[in-house]
Amino acid sequence: MGDVDEMLHRSGRTARAAVGRLEDSTALDGPAGAVRRVAQAVLRPRTVSAVLRGVPAGHAAHPPLTDVPIGLWFSASALDLLAPVAGRRAADRLVGLGVLAAAPTALSGLADWETSERRDPAVRRVGVVHGVANLAALGLYTTSWVLRRRGRRAAGVLVGLAGGTFLGVGGYLGGHLALVRHAPHHDPLATTTVERVATGVRRTTTRGPATDAFEGVPLDETKRSTTDHGEIRTWIEAQGGRPALIPPLGPHEVPVPAAIFPSGPSGSGAVPATWQEWFDAFDRGGLAFVRPAQLTQAPPFFELAQA
């Protein structure tokens, strides 16, 4: 059993490392910018945005919707392989229904991605690959349906099986986004958000549409903005500070980095944390640390801005 357990853990570590390389790939930020513009155009009508984000359902719409095309397409492949004659007509219909179901599923996924990608670069990058894999699957299943309709059934079945491969990759990455990165990072019914203040962060009530939790901070010669972990830790500790986190507002929110200085915590509700936990929340939020320019004897004053 020990060898089996080690093999399973090794497999998991290998898969997680592969996804980790996607999370760290800045080359994906360029394509993500183009996807962001498409998402903003699609989600501009408030009613459309609300429906795709899952407001009528009370939670994100994308996770349950993914079961529909996946179930239809895999069922079609099962009939193709197990009942190639008796299940022919049913398999063809299932492929076509899956193609129709893929459109709202993809749009709801785009909505979830748009709410989280600015705060979490890992979600931004993995989400792009997740979307490309699923679009490839959709293209192959659409081709499969066309081939079936034209009487080229054997070719249609093979193309559908190829589509299942891309669908599996997309599904795995979708699971990573939901279960590891905890995306989407927004409760569609939430009425609270996190805003920055001079010495850290606080919670405030909002009634408008969701926006980025952190805005840009004007810089001048008295301020310095950085994302370097070593510099941030050095500065906080030079002011006698210790790492802390403000707990998330909901299950899909990210903790907010804070600090506990001799004069008090930088934000209401801050609790002590390790530096590893602090920087994990910092990176997942896609933040920049804005501090006074001087390294020592500086006021315990910092701001968090969107990187």
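The values are calculated or read from the model by the stated rules, or taken from the named source; none is laboratory data. Predicted, not measured: the structure shown is a model, and the values here were computed from it. Virtual Cβ from ideal backbone geometry, glycine too; neighbours counted across all protein chains shown.
I'm trying to understand the selection: among the residues of the range 137-156, which are in contact with a Ser or Thr (Cβ under 9 Å, 6 or more places away or on another chain) and within 30 Å of Leu28 (Cα to Cα)?
First, pick out the residues of the range 137-156 that are in contact with a Ser or Thr (Cβ under 9 Å, 6 or more places away or on another chain): 137, 140, 155-156.
Ala137, Leu140 - these are the residues of the range 137-156 that are in contact with a Ser or Thr (Cβ under 9 Å, 6 or more places away or on another chain) and within 30 Å of Leu28 (Cα to Cα).
Considering (1) at pLDDT below 65; (2) assigned to a strand (DSSP E or B), say which one Arg224 fails and leave the rest.
(1)
Please give the helices (runs of 4 or more DSSP H) falling wholly within the range 40-145 in which 1 or more residues are more than 30 Å from Val254 (Cβ to Cβ). Give the derivation first.
Details: elements: 46-53, 62-82, 88-116.
Passing ranges, in order: 62-82, 88-116.
I'd like to check something: does the range 2-18 contain any residue that is touching a Leu at 6+ places or on another chain (Cβ under 8 Å), in contact (Cβ under 8 Å) with a residue 40 or more places away in the chain and in the same structural domain as Arg148 (by TED's automatic domain parsing)? Quick ask: steps written out before the conclusion?
Of the residues in the range 2-18, the ones touching a Leu at 6+ places or on another chain (Cβ under 8 Å) are none.
Within the range 2-18, none of the residues are touching a Leu at 6+ places or on another chain (Cβ under 8 Å), in contact (Cβ under 8 Å) with a residue 40 or more places away in the chain and in the same structural domain as Arg148 (by TED's automatic domain parsing).
Using the structure shown, decide if Leu107 is at pLDDT 95 or above, hydrophobic (A, V, I, L, M, F, W, C) and in the same structural domain as Asn134 (by TED's automatic domain parsing). Step through it out loud before you land on a result.
Details: at pLDDT 95 or above: yes; hydrophobic (A, V, I, L, M, F, W, C): yes; in the same structural domain as Asn134 (by TED's automatic domain parsing): yes.
Taking the combined requirement at face value, the residue satisfies it.
Scan the range 115-129 and give yes if some residue there is more than 20 Å from Arg44 (Cα to Cα), surrounded by fewer than 20 Cβ atoms within 10 Å (Cβ to Cβ) and either assigned by TED's automatic domain parsing to the domain that holds Asp24 or modelled with pLDDT of 95 or more (or both), otherwise no.
The answer is yes; a qualifying residue exists.
Residues in the range 93-114 that are surrounded by fewer than 22 Cβ atoms within 10 Å (Cβ to Cβ) and among the acidic types (Asp, Glu): how many?
Residues in the range 93-114 being surrounded by fewer than 22 Cβ atoms within 10 Å (Cβ to Cβ) and among the acidic types (Asp, Glu): 0 in total.
Determine whether Gly87 is over 24 Å from the mean Cα position of the chain (by Cα) and surrounded by fewer than 22 Cβ atoms within 10 Å (Cβ to Cβ). Before you say what the answer is, go through the steps one by one.
Values: over 24 Å from the mean Cα position of the chain (by Cα): yes; surrounded by fewer than 22 Cβ atoms within 10 Å (Cβ to Cβ): yes.
Spelling it out, Gly87 is indeed over 24 Å from the mean Cα position of the chain (by Cα) and surrounded by fewer than 22 Cβ atoms within 10 Å (Cβ to Cβ).
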